[in-house]
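This report refers to the structure that appears directly beneath it.
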Amino acid sequence: MLKLTSRCDLACDHCYVYQHPDQSWRRQPRVMAAATLRAAARRIAEHAAAHRLDAVRVVLHGGEPLLAGAAGLAAAAGELRRRIDPVARLDLRMQSNGVLLTPRVCDVLAAHDVKVGISLDGDVSANDRHRRHANGASSHAAVRRALALLRRPEYRAGYAGILCTVDLANDPVRVYEALLAEEPPQIDFLLPHANWDRPPVRPDGVPTPYAAWLLAVHRRWLADGRPVPIRLLESLISTAAGGASRTEAVGLGLADLVVIETDGTFEQVDSLKSAYHGAPATGLDVFRHRVDDAAAHPMIAMRQTGLAGLCATCRECPVVRQCGGGLFAHRYRAGTGFDNPSVYCADLKELVHAMVGTPAHAPARRQGADALSRAVLDDLAGGRGTEESARQLASVHLGMVRALLVALSPRAADDPVAAAGWRLLVDLDVAAPEAVRVVLEHPFVRRWAQRCRDGVTGDLAYLAAVAAAAAIRAGVGVTLDVPVRGGVLGLPTLGAFDVSADLPTARLTSREGGFDLAVAGRRERVRLADPPAAWQPARRVRAGGRELLLEDVDPYRDCYHLPVAPRLADADAARWTEHLDAALRRLRGEADGGYAPAVGALLRAVVPLRPDPAGRQRSAAAGAAFGAVAVAPAPDDAALAVLLVHEVQHLKLDAVLDVCDLFDRADERRLTVPWRPDPRPVEGVLHGTYAHLAVADMWRSRPGPAAAAAYRRYRDWTVGALDALLGLGALTTAGDRFVGRMRDTLDSWS
Amino acid sequence: MDRIAVRPDQIPTPPPLDDLRHTALGEIPLSRARAVADAHHHRVNRPTGVDVQGFGSAI
Ligand code: SF4
Ligand code: SF4
C-alpha cells in the first residue's frame, strides 16, 4: 500500500487516518516525492524478483491519492509499471473517495491499467452521516458523479468496486440498495474502526448489532440472487466451507501487507492508526531497508504465523478457522496490546454461525425477501406494469393480511368469540387453504384487521365471522358464535344476514352450501343457492370477462371519507354491472391495453358511492383496503374507465409502499402541487403523480380536442410534480429510480 | 477485488413475504408477523401518511 498523498479533501469523522490516535500524518509530506517513489518502486521490484513472485499488488492510497493530480498519478503509475512489470505481474489499484475523479484522471488510470475502488457509505443521508467536506458539505453528489464516470464503457474496466463503512444508524437494506444501484463489480463492507479501549457503538440490549446489520444485507443479497460479490460475506461463506478468505477482516490468511508512507517509511497496516499514536511505526524506510526487513519486523512477522499468532481465547475458539480473530486493529487493548480477541468477537461468532448452510457458490434456493425485486419495481415504475408484477402485489397483500391476523391472535385469546374463530381459521388454513385464501384476500378483511391493530375498532370478534365465511366456502361443518352488529351478521365475501334482533352474537353452524343460524331461540336455515329474504348475498358479477364483487353489504366498506351507497336495488346493480363491463372492456383497447393486466389482476371489489350532490365525478381508494375501489356513478364508460385506472394506480403504489421504502419517512416537508390548493406530503405527491401519469396515458390514446386538452393537463401536472420530487432530496435510492422511470415514461411521449 | 463475479442465477425472485403465504397461520412465528405488521402500522399511521386517495377532491 503506497501512500501517495498524506492529506485528504474530505474530513470524514470516522476516518482512521485523521480522526484517530495516531497523528503521524502531520509530519508527512503532502505528496510522495519523485525520489521516494523511485526508491519504493525499486524495493517492490527487488522483493518480487528475490521471491520469484508471480504477481504483486500495489494499492495507491492516501489520504486521498487523487490529490496527486492527473500528472502525479501518471508519474507514479508509470514509475511502478516501469520497475515492476519486467519482474512480476503488477496488479495496480487505487482506493479513493472519488470526489476529484475527472475524465482526464480516468484516462490516466485507463492508460496505466489502474483499477479504482471508491468509498461510499450508502444513499445521501447514510453517506453524509460521516463522509463530508471539512465545511460540512455533502460529498454524495460528487461521489456519484465519479461512479457514473467509472460506469462509462471506456472506463468500466477500471471500476474495482465500492467500499462501505457500516453504521448502525443506517438502514442496512437501503444502504445495500444504494450501493447496488451504482452497479459496482464488487462491494466490501468495513466494520467501523474500534478496539477494546474505544469499543464500537452498541445500542442497549442488542448483543450483536453489527452481525444483525450485516445479516440483513446478507438476506436481501441472497434473495436478490447475489447480484454482486460482497467480499466480507463471500469470505465468511467461503471460510465456513473450509475455503480461503479474500479479506484480512476474517479468516486465518497470512498478513502480506506492508504500507509505504508518503515519506518512504515502512509501516504496518494503516488501520492500526486507530489503536494508539505510533502504533503502525516500524522505524524502517525504503531508502535504507528492503521489504524483507519490514516483513521481519516482529509485529508483521507475528501476523504471518496464522493460528499461532492469535490470543489464547481465539486459539481455542471453535470458529477460529472462519473468523481468524477478526481484523488485527480491532484486537487492541492498552496493556495486552493485540493479544486479544476482536472487539467485534460476539458479532463475528454470530456471523460465522449464520453462514452455515449458505451455499458456497450459487444459491440453491432463494429465500423470501421483504421487498420487490428491482425488475418488478422498474416495471411498475413505468406506470403500466405487467400482469406478473400485479400478481406480486396481490401476493404482498395476502402476506400482509396473514401477518396482521397472526399479530392480532394473542389479543384474540382474551375474547372467547374471537378465540374460537382464530382456532377455526388456523385449522381451516391447513384443511381448506383455498377457502381461507379467498376470504383473506377480500379487501375489507385487511381493512378490518388493520383497524383492529391500530385500536380504531375493538371488533376482534369479527375474526369469527372471517373464519365462518371460510368454513362455509369450504363446506366444512362447524358450530361457532359469530358477532352481530346493529342487528346484522356480516360474512366477508358471502353477504349479510339481517337477524332483526339486538344481540351481540348468533350461533352459526356451517354446512355444505350454506349455514344454520340460531338467534334468540329462532332457527334460520340459509341455503346460498336459494336464500331467505333476510339474507343479502354479496353481489358477484361478471364484468370485463371476470368475476368482481359489487360490494354493497360489507360492514367495513365504509372507509373512504365519502358516503357509500346503501344496498342497491337489483335494477341498479344490473346497471352498475353493465357499466363496469363496458369500462373494463374498453381498457383493453386504450393506452395499448397497458392498464388492463393490472386492473384485471388487482381489482376484486367495486364499492358504489352515493352520487356527488354537485355532480362531480368521485372515486377513491383506501390504504389497507387493497383490491377495492369506490366510485360514484360516472357519466359514461369512458369516464368510469379513467376512474378505475386512476384508483388501481393508488392500489398498486400502496402495495409497493407496503414493502419498499421509496422515500424518507422522517421527512415531513410538503410540496405544492398543481392539482390541490394545500401542500402535500411526499407520499401524497407520489400517489398523485403515479395516478395522474396513468390518467394522462389514457387521455393520450383518445381522439378529439377535449381528450388532447385533458392529456396535456394531466401530463403537465405530473411533470411538474415529478421534478419537484426529484429535486427535494427526500427519496431513497429506490424511490429516485422509481420516480426517474416515471419521468422517462413522460419523456417518451414527447 | 480479485474474483470473477458470481453470475446471478436466472430464477425469478419470488414475491415478497412469500414465507407468510406458505407457512400455515398456526406456524407463522409471532415475531415475524409482528415485524411485518408493525412496519405497515408505522407506514400508514404517521402524520404525513395518506390513508384515502380520491379523484377530484382528495388526492
Ligand atoms: S475520504 Fe478517506 S482518507 Fe479522506 S477523510 Fe474520508 S475516510 Fe479519510
Ligand atoms: S475473535 Fe472471537 S470469534 Fe473470532 S476467533 Fe477470536 S474468539 Fe473466536
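The values are calculated or read from the model by the stated rules, or taken from the named source; none is laboratory data. The model shown is predicted, which means the values in this text are computed figures rather than measured ones. Please note: Cβ atoms are built from the backbone with ideal geometry, for glycine as well, and neighbour counts cover all protein chains shown. We work out accessible area using only protein heavy atoms, side chains counted, and drop any ligands, DNA or RNA first. Shrake-Rupley method; radii C 1.70, N 1.55, O 1.52, S 1.80 Å.
Report relative contact order for chain A in percent, whole number only (criteria: Cα-Cα under 8 Å, sequence separation at least 6).
Averaging sequence separation for qualifying contacts and normalising by length gives 9 percent for chain A.
With a 1.4 Å probe, what is the total accessible area buried between chains A and B, in Å² rounded to the nearest 100?
For A against B, buried area totals roughly 5500 Å².
Keeping all protein chains in place, calculate the accessible area per residue for the stretch A:17-97 (probe 1.4 angstrom), answer in Å².
On the way: 3560 Å² over 81 residues.
That works out to 44 Å² per residue.
Using helices alone, what [θ] at 222 nm do you get for chain A, with -39,500 (n - 2.57) per DSSP H run of 4 or more residues, divided over all residues and rounded to the nearest 500?
Rounded to the nearest 500, the figure is -13000 deg cm²/dmol.
For an R0 of 45 angstrom, estimate the FRET efficiency from the Cβ-Cβ distance between A:Asp667 and A:Arg540 and round to the nearest 0.05.
Details: r = 43 Å, r/R0 = 0.96.
Computed FRET efficiency for A:Asp667 and A:Arg540: 0.55.
Of all the Cα-Cα pairs you can form in the stretch A:413-534, what percent are over 19 Å apart?
42 percent
Counting only the backbone N, which residues of the stretch A:462-483 are under 11 Å from the spot 7 Å out from the Cα of A:Ala431 toward its beta-carbon?
The answer is A:471-472, A:474-479, whose backbone nitrogens lie closer than 11 Å to the label point.
Check A:Arg539: other-chain or 5+ apart residues with amide H under 5 Å from its amide H, H built from backbone geometry?
Residues meeting the amide H criterion: A:Leu550, A:Asp552.
May I ask you to derive the relative contact order of the stretch A:565-685, considering only C-alpha pairs under 8 Å and at least 6 residues apart, and to give it as an integer percent?
20 percent
Give the total of Lys-Lys pairs in the protein assembly as shown with Cα-Cα distances below 26 Å; include a pair only if its members are 8 or more places apart or on different chains.
Details: A:Lys3/A:Lys115; A:Lys3/A:Lys273; A:Lys115/A:Lys273; A:Lys273/A:Lys349.
Within the protein assembly as shown, the lysine pair count is 4.
Would you please give the residues with an amide H less than 5 Å from that of A:Arg680, counting only those at least 5 places away or on a separate chain, with H modeled from the backbone geometry?
For A:Arg680, whose amide H was placed from the backbone, the distant partners under 5 Å are A:Leu671, A:Thr672, A:Val673.
Please compute the modelled spin-label separation between A:Asp592 and A:Arg57, points set 7 Å along Cα→Cβ, answer in nm with one decimal.
4.6 nm
When only DSSP loop residues count, what trypsin sites (Lys or Arg not before Pro) in the stretch A:7-83 have their Cβ near at most 14 other Cβ atoms within 10 Å?
Here the sparse-neighbourhood loop sites are A:Arg30, A:Arg52.
Per the Cauchy relation, a quarter of the hull surface: what is the mean projected area of the convex hull of the alpha carbons in the stretch A:617-673, in nm²?
5.1 nm²
For Cα pairs less than 8 Å apart in space and 6+ apart in sequence, what is the mean separation divided by the residue count of the stretch A:624-750, i.e. the relative contact order in percent?
Reported relative contact order: 25 percent.
Could you work out the mean projected area of the convex hull around the alpha carbons of the stretch A:661-750, in square nanometres to one decimal?
5.6 nm²
Give the accessible surface of the stretch A:547-683 per residue, rounded to a whole number of Å², with probe radius 1.4 Å and ligands, DNA and RNA excluded.
With all protein chains present, the stretch A:547-683 gives 36 Å² per residue.
In whole Å, how far is the Cα centre of the stretch A:456-491 from that of the stretch A:692-709?
The stretch A:456-491 and the stretch A:692-709 have Cα centres spaced 45 Å from each other.
So, with +1 on the Cβ of K and R and -1 on the Cβ of D and E, and no other charges, what is the size of the charge dipole of the protein assembly as shown about its Cα centre, to the nearest 20 debye?
Using only the charged Cβ atoms, the result is roughly 980 debye.
Given labels modelled 7 Å from the Cα in the Cβ direction, how far is it in nm from A:Ala582 to A:Arg82?
The answer from the label model is 8.5 nm.
Please state the equivalent ellipsoid semi-axes for chain A: what are the square roots of 5 times the Cα gyration tensor eigenvalues, largest first, in whole Å?
Its equivalent ellipsoid spans semi-axes of 63, 32, 19 Å.
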